[in-house]
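Undergrad: I am attaching a structure below and will ask some questions about it afterwards.
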């Protein structure tokens, strides 16, 4: 399997697995910020065990950590709050407006997106609009949190691409998680009893979804451009909405099913167009 195929497989599996996070948020009885604290703390611990035998240059981790760490803390805390204050569909739908911000940031950096990428992101956003049931909005504050989360995530992706190319996914993931966990350590400490009482969920969230997940993510960004990653990541809210419907009895209307289909088609379209371009470049 070539690196590009591995990268696409990785982001698809990651998007589906990260789609389980809203379910954890809605079924947990601690605050969103405490849950993020646990996530960053355990993720940092897990990655530290992988890096302990490697010769680390601490200085090279400072810059990505100080830039990406606070952004990561802001992104996750506001995302968790948005989902907690509204339904999974509304919260995650708002957060996943971020590909539009990635598109804007890439344009401002002088990286003109391809016409098919603009088309796919636009269709994906329409799909999200259908997934986002306006009638289920319970909190305007939750909407604000969702938009802040989307903007911070777009900044992480665009800024982090350079660090990932230079240092690799594992080091970038560790540096940003370390700083984020330090910022949130007070809330992690306050929720230590929940961590112990719900150890299986904590390990799944911290080790697998965070430690392994972030490392995989930065590996993918190193190979696939941010706009392509953003487009395929639309699969994540689809997973979250479906799980919310089946496990939490959140309503899934015909309108949301249309959104579901549109988002799936966008992900398939991104892979198709990229594969055609890669094939043409090899001729």
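Throughout, read-outs are computed from the coordinates displayed, never taken from laboratory work. As the structure is a prediction and not an experimental result, all values here were calculated from the model. Reconstructed Cβ throughout: ideal geometry from the backbone, glycine too, with neighbour counts over all protein chains shown.
Undergrad: Could you tell me the relative contact order of region 3-282? Use alpha-carbon pairs under 8 Å, at least six residues apart, and round to a whole percent.
TA: Relative contact order of region 3-282: 36 percent.
Undergrad: Stretched out fully, how many nm does the piece from residue 199 to residue 186 gain, at 0.36 nm a residue minus the Cα gap?
TA: Gain on stretching residue 199 to residue 186: 2.8 nm.
Undergrad: Okay, moving on. For each of 236, 161, count neighbouring Cβ atoms within 10 Å of the residue's Cβ, then give the residues from fewest to most.
TA: The fewest-first ordering by Cβ neighbours comes to 161, 236.
Undergrad: I need the Kirkwood Rh of region 1-146: take the reciprocal of the average 1/r across all distinct C-alpha pairs and report it in angstrom.
TA: Answer for region 1-146: a Kirkwood hydrodynamic radius of 17.8 Å.
Undergrad: Which whole-number percentage describes the relative contact order of region 58-173, with Cα contacts under 8 Å and a sequence gap of 6 or more?
TA: For region 58-173, the relative contact order is 45 percent.
Undergrad: Among 160, 269, 65, which one shows the highest mean-square fluctuation when the chain is modelled as a Gaussian network with alpha-carbon springs under 10 Å?
TA: Looking only at 160, 269, 65, the largest GNM fluctuation is found for 269.
Undergrad: At what distance in angstrom do the alpha carbon centres of region 114-187 and region 1-72 lie from each other?
TA: Taking the Cα centre of each part, region 114-187 and region 1-72 sit 13 Å apart.
Undergrad: Just need the Rg to Rh number for the chain, please, alpha carbons only, Kirkwood Rh.
TA: 0.96
Undergrad: So if each residue of separation counts as 0.36 nm, and I subtract the Cα-Cα distance between residue 253 and residue 107, what length gain in nm does that give?
TA: Taking residue 253 through residue 107 to full extension adds about 49.0 nm, to one decimal.
Undergrad: Still on this structure: Compute the distance in nm between two label points, each set 7 Å from the Cα along the Cα-to-Cβ direction, one at residue 9 and one at residue 126.
TA: Roughly 3.3 nm, to one decimal.
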